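The values are calculated or read from the model by the stated rules, or taken from the named source; none is laboratory data. These numbers come from a predicted model, not from an experiment. Here the Cβ is made from the backbone with ideal geometry for all residues, glycine too, and neighbour counts use every protein chain on show. For the accessible areas, the whole protein counts, side chains as well, though only heavy atoms, and no ligand, DNA or RNA atoms are used. Shrake-Rupley method; radii C 1.70, N 1.55, O 1.52, S 1.80 Å.
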Amino acid sequence: MSTNDDSPSSDTLRSVRVDRVAAGQYTATNARGVTIDLGSGDEVFSPVELLLAAIGGCTAIDADVATSRHAEPTGFSVSVAGHKIKDDQGSRMTDLEVTFRVSFPEGGEGDAARAILPRAVKLSHDRLCTVSRTVEIGTPVKSVVADEG
């Protein structure tokens, strides 16, 4: 296997398993055993909502790490919205927008964190957030039906 940073390896592999638990209800489990329920209905996240949450969570982490080095935020909220459409390309999301609402305490440390926030958000968008980068750049998704015998 190549040592090129772009080549896949066991160190780069990420995975989740999704199990059906009832009609329209599923549980996703990651390699560490953490679970989240999803599906259709009013009491669980839909897959589209999880996609939006993944985009918001990924970029929130990046911005939080950069800014909280200077000051602990007094408020930190990220909203992600977009339109779910169906067209000749099928069902998809368009016009995705990530909105940060972050506040810091008054004073020099808060001022430093406020000054860094726009750069941190831009760096997350342009380079760091794996989720939004994957959505924006696009990557093939291959579906396989395993032989269960």
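Restriction of the GluC sites (Glu not before Pro) in region 63-149 to DSSP coil positions whose beta-carbon has at most 12 other beta-carbons within 10 angstrom yields Glu106, Glu148. Per-atom-type breakdown for region 1-116 gives carbon and sulfur 50% of the accessible area (1.4 Å probe, protein chains only). Computed from phi, the 3J(HN,Hα) profile of region 128-145 under the Karplus parametrisation 6.51, -1.76, 1.60 (θ = phi - 60°) reads 8, 6, 4, 5, 5, 4, 5, 5, 5, 6, x, 8, x, 10, 9, 9, 10, 9 Hz, with x in place of Gly and Pro. For Rg and Dmax of the Cα atoms in Å, several values are listed as (1) 18.2, 73; (2) 20.2, 59; (3) 18.7, 66; flag the one computed from this structure. Only one listed value fits the structure, namely (3). Qualifying trypsin sites (Lys or Arg not before Pro) in region 58-149, where qualification requires a DSSP coil assignment and no more than 14 other C-beta atoms within 10 Å, comprise Arg69, Lys142. For region 61-141, the solvent-accessible area with a 1.4 angstrom probe is 69 square angstrom per residue.
Backbone phi angles across region 102-108, fed through the Karplus curve with coefficients 6.51, -1.76 and 1.60 (θ = phi - 60°), yield HN-Hα couplings of 10, 10, 10, x, 5, x, x Hz in residue order; Gly and Pro are listed as x.
Karplus-derived 3J(HN,Hα) values for region 61-75, using 6.51 cos²θ - 1.76 cosθ + 1.60 with θ = phi - 60°, are 4, 4, 5, 5, 4, 5, 7, 6, 5, 9, 7, 6, x, 8, x Hz; glycine and proline are entered as x.
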